[in-house]
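One structure is given below, encoded as structure tokens.
The values are calculated or read from the model by the stated rules, or taken from the named source; none is laboratory data. These figures come from a predicted structure and were not determined experimentally. All Cβ positions, even for glycine, are placed from backbone atoms using ideal geometry, and neighbour counts span all protein chains on display.
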Amino acid sequence: MATAGVAQQPEVAAQAEADPWSHVLRLPCQLSLELPLPDFTVGTLMRLEPGMVIDSHWAVSDDLPLRVNGEVIAWSEFEVVANRLAVRLTELA
């Protein structure tokens with residue numbers, strides 16, 4: 001078994017040299033987009049239904065912080081693509 005482990009070492013090293021990020025690309029991360037809702041209460045949450053519109057008091061022209069694992073990595077804006085709500089990155093942090 002020691003021989004098989006040694007034989008794989010150069011292959012792993014070559015892959016790491018080709019792409020130094022290869023060992024972290026599959027790590028899970030939490031992506032979140034924060035939209036301030038100042039008048040949102042638990043009562044509002046309990047009354048949510050499909051198709052409901054919630055007033056965010058957020059100007060359309062203002063970018064929203066996009067966070068990965070709690071850290072701001074970019075600023076973004078909402079965009080409608082086909083019948084889906086999408087997020088467009090406008091600036092990297």
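For the stretch 56-85, which positions are more than 11 Å from residue 32 (Cα to Cα), part of a strand (DSSP E or B) and in contact with a Phe, Trp or Tyr (Cβ under 7 Å, 6 or more places away or on another chain)? Matches in the stretch 56-85: 85 only.
Within the set 76, 61, the sole residue that is farther than 27 Å from residue 28 by Cβ and of a type in the set (Ser, Thr, Tyr) turns out to be 61.
Taking first residues from the stretch 49-68 that are touching a residue at least 40 places away in the same chain (Cβ under 8 Å) and surrounded by fewer than 10 Cβ atoms within 10 Å (Cβ to Cβ) and partners that are assigned to a loop (DSSP other than H, G, I, E, B) and among the hydrophobic types (A, V, I, L, M, F, W, C), no Cβ contact under 8 Å between residues at least 6 apart in sequence or on separate chains turns up. Cβ-Cβ distances below 7 Å connect the following pairs, each with a first residue in the stretch 15-43 that is at pLDDT 90 or above, a second residue that is assigned to a loop (DSSP other than H, G, I, E, B), and a separation of six or more residues or different chains: 29/69; 30/69. Among the residues making up the stretch 34-59, those that are within 16 Å of residue 90 (Cα to Cα) and within 20 Å of the chain's Cα centre (by Cα) are 34, 35.
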